[in-house]
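The values are calculated or read from the model by the stated rules, or taken from the named source; none is laboratory data. These numbers come from a predicted model, not from an experiment. FYI the Cβ positions are ideal-geometry reconstructions off the backbone, even for glycines, and counts take in every protein chain you see. We work out accessible area using only protein heavy atoms, side chains counted, and drop any ligands, DNA or RNA first. Shrake-Rupley method; radii C 1.70, N 1.55, O 1.52, S 1.80 Å.
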Amino acid sequence: MKMQCSTFSEDDPLSRAGKEIHLINKVDLLDRHALFFDFDGTLVELGMHPDQIKVPPRRIVQLRHVFEKIRSMAIVSGRSLDELDHFLRPLVLPTAGVHGAEIRFNNRVKLLTSNTLPKPLAEAVLRLGCEHPDIYLEKKGERAIAVHYRQAPEKGLLIRELIDQLIQGYSGVEVIPGKYVFEVIPADISKGNAVRAFMQMPPFRERSPVYFGDDATDESAFEVVNEMGGMSFKIGSGSTCAKYRLASVTHVDQWLEILCASINPIRGVN
């Protein structure tokens, strides 16, 4: 993955990005943009276990309100479509799952790649869970495995070394580090490809993309959005290709509230 990265100073994130982000808080300009949101660490706080995250009821209301206004809004996540639908129910939004391997638009699901993880490699990676019971293995169909070590952070370097050893000899496979997780995926899967696919469809087409994400898997999307002249927002600290930064999920929540209020006052989000 090619990246030109920089590290922002920890200024007040809303002040740093304020001028740019408020351009799309105005209703008369909102229809010019397409909005993309990562899920974990962007719309919801990270949990100790992937199943332990909590989606605030206000988030469902906010997303529904924005989607009903512009339609050009999508979720782009490492989770599967089924998982995202579970957490965001009753919403069924345009969504890219498994880091862009699968994409849903107008209730139709399309695979953006036919590549899968080689079965012997997948089995070897999954065996790490037996050898290290304090890590959690998350199999995402045939196209990705997430190795979570949040409950054993001291094992990060060891787990990465073991995964690197396992993928030796397999072409077209890469490891993407995240927040206490390593994702083993085919190299042609990326959130950037998912954004490109959405931007070819109406009503996304001919709009300016805006992407919010917090992790290394979002960097490919930041790159694509930057190439298209859009706005990319990194949530949290660390080196990134994103043009702007928001400090936390709380700041995303605040921005969504401002955006919803600019569309129309909404009720029932407390």
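Observations on the model:
- Hits in region 64-86 (condition: within 16 Å of the chain's Cα centre (by Cα) and either surrounded by 18 or more Cβ atoms within 10 Å (Cβ to Cβ) or at pLDDT 95 or above (or both)): Met73, Ala74, Ile75, Val76, Ser77, Gly78, Arg79, Ser80, Leu81, Glu83, Leu84, Asp85
- Which numbered condition Glu138 misses (of (1) in contact (Cβ under 8 Å) with a residue 24 or more places away in the chain; (2) in a helix (DSSP H, G or I)): (2)
- Of the candidates Gly129, Gly97, the single residue that is open to solvent by less than 20 Å² (accessible area, probe 1.4 Å) and small (Gly, Ala, Ser) is Gly97.
- Any chance Arg150 is open to solvent by less than 70 Å² (accessible area, probe 1.4 Å), out of contact with any helix residue (DSSP H, G or I) (no Cβ under 6 Å at 6 or more places or on another chain) and assigned to a loop (DSSP other than H, G, I, E, B): yes
- Search result, residues across region 176-189 that are of a type outside the set (Gly, Ala, Ser) and assigned to a loop (DSSP other than H, G, I, E, B): Lys179, Tyr180, Asp188, Ile189
- Residues (farther than 23 Å from Leu46 by Cα and of a type in the set (Val, Ile, Thr)) located in region 164-187: Ile167, Val173
- When region 217-236 is filtered for residues that are assigned to a loop (DSSP other than H, G, I, E, B) and either under 20 Å from Leu256 (Cα atoms) or of a type in the set (D, E, K, R) (or both), the ones remaining, listed by number, are Gly230, Gly236.
- Region 195-208, residues that are open to solvent by less than 40 Å² (accessible area, probe 1.4 Å) and not in a loop (DSSP other than H, G, I, E, B): Val195, Ala197, Phe198, Met199, Ser208
- Filter result for Asn115 (within 21 Å of the chain's Cα centre (by Cα), free of Cβ contacts under 8 Å to residues at least 40 places away in the same chain and under 30 Å from Pro203 (Cα atoms)): no
- Whenever a residue of region 50-63 is open to solvent by less than 20 Å² (accessible area, probe 1.4 Å), its partners that are aromatic (Phe, Trp, Tyr) and not in a helix (DSSP H, G or I), lying with C-beta atoms within less than 9 angstrom and at least six residues away or across chains, give the pairs Pro50/Tyr136; Ile53/Phe39; Leu63/Phe37.
- Residue list for region 196-221, filter: of a type outside the set (Asp, Glu) and more than 17 Å from Thr95 (Cα to Cα): Arg207, Ser208, Ala216
- Residue within region 209-216 that is in a helix (DSSP H, G or I) and either touching a residue at least 24 places away in the same chain (Cβ under 8 Å) or open to solvent by less than 30 Å² (accessible area, probe 1.4 Å) (or both) present: yes
- Screening the candidates Gly156, Gly192 for the property of being in contact (Cβ under 8 Å) with a residue 24 or more places away in the chain, open to solvent by less than 40 Å² (accessible area, probe 1.4 Å), closer than 16 Å to Ala96 by Cβ and assigned to a helix (DSSP H, G or I) yields one hit, Gly192.
- From the list Ala216, Ala242, the lone residue that is closer than 28 Å to Gln151 by Cβ, of a type in the set (Gly, Ala, Ser) and in contact with a Gly (Cβ under 9 Å, 6 or more places away or on another chain) is Ala216.
- All conditions in (1) more than 15 Å from the chain's Cα centre (by Cα); (2) at pLDDT 95 or above; (3) surrounded by 18 or more Cβ atoms within 10 Å (Cβ to Cβ) hold for Asn226, with the sole exception of (3).
- Restricting region 164-189 to residues that are among the acidic types (Asp, Glu) and open to solvent by 50 Å² or more (accessible area, probe 1.4 Å) leaves a set whose member that is farthest from Glu219 (Cα to Cα) is Asp164.
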